[in-house]
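Just below is one structure, and these are the notes that go with it.
A short reminder: the numbers here are calculations on the coordinates, not readings from a lab. Remember, it's a predicted structure, so these values are computed and weren't measured experimentally. Neighbour counts run over all protein chains shown; Cβ positions are idealised from the backbone, glycine included.
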Amino acid sequence: MLNTIARTFALASSLLLTLSTGCEANPDDLDGEFDFEAEEDADDEDRFAIYTGRMNTGRRLNTNHSGNHFFSEVNIDGQIHEGTRLVAIDYDGPLGPASVLPWTIQVVDGALRATLSSGYVIDHPDFNDTVWHLESFEPGGVFQHQLTVETGYDPGSATPLYNFSYSLGHGEGSVSTCLMEGEEPLTSAAVYAGLNVDDQTGAISHDPALLYIGCVAGAVGKASLWNYRPETLPAAAGGTPLQVFQAAVAMIRADYCGDGNAYTLPGTPIHAEDKFGHNFIPTPPFIGPAPLDEAVWGLNGAVCLDYRRVNNGNPVACANGYPPPPCWFGAAGWFSDPSALFWTAS
């Protein structure tokens, strides 16, 4: 883990150097970010989007990974989980210094809520500047970590967002837990109660002892920005809300077979439509080329596939050795089937 943290710091240093030389980050990479200082020019992924309430007919930027990092899953009942343990959370606000009782942590409408040792209940903005003390258990011993929190919102979806950062203790400043090698340079995260995410298979299960910190650079955090969360999605296509959420994450990752293998690259723009009224593929008249149908999605991946989101030479082969069938006679017909949940296009 310490090697991972060191590599993360190197990536952060490289990003800071790029910004200091006057080079601007690609706006398409600022997916779900907000300015933690002034929230000015809060560029998010949907620079192309047209919002009507919670409905989006613009392009979304996908990713090929779930977004797990070394502090993604935090056990709130004091137990060791995947080599880490949450020891304490310090609060120092208008009420004075106090401890957050970790086992009282909830996620309500996408925002953190908990009880202080004084009995006072705190909500999303109160978590700003809280300090989370964690231990990591490694072959070389037990190491202490302090995560500081900044709070904000995604301007497009109004999703509460959090920036968890830490210091390596060498005067280099804070490094976001979401800055990881090979990922987009995004620092904010959405939070979920009770999620356990298998980064290899894409399987998502419920564990009431866990708080999941989903970086918006990854598909689990990004799903919130697309208005998909387990607690707000309905049961559909014979699946539970959690299974529908897992299907949404697979769709974002271009996981056509639903087996954890992604067939895209971060930042690839797509249109998405769903059965729940959150996102719609635009209809004529179009500004520019008409969207090109990609796939229709069910609980277990794509039920039909017309083209691959990114053609990187790797053939799509599911457990039976074949890709999903083409969307014969048009994706719209497949999408009308009760087993369909999502429809994607370029």
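See the values below:
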read-out	value
Label-reachable residues, the stretch 256-283, where backbone N falls under 20 Å from a point 7 Å from ASN312's Cα toward its Cβ	256-271
Net lengthening on full extension, GLU231/ALA158 (0.36 nm per residue, minus Cα-Cα)	24.7 nm
Proportion of all alpha-carbon pairs of the stretch 188-336 beyond 25 Å (%)	27 percent
Cα gyration tensor, the stretch 264-346 - rounded (a/c under 1.5), prolate or oblate	oblate
Rounded, prolate or oblate (a/c below 1.5 giving rounded, otherwise prolate when a/b exceeds b/c) for the stretch 76-124 by Cα gyration tensor	oblate
Cα gyration tensor, the stretch 111-161 - rounded (a/c under 1.5), prolate or oblate	oblate
For the stretch 109-149 versus the stretch 316-332, the gap between their alpha-carbon centres in whole angstrom	45 Å
Pairwise label distance in nanometres, ASN320 with VAL87, each label 7 Å out on the Cα-Cβ vector	5.4 nm
Loop-resident sites, the stretch 293-343, for chymotrypsin sites (Phe, Trp or Tyr not before Pro), counting at most 10 other Cβ within 10 Å (DSSP)	TRP328, PHE329
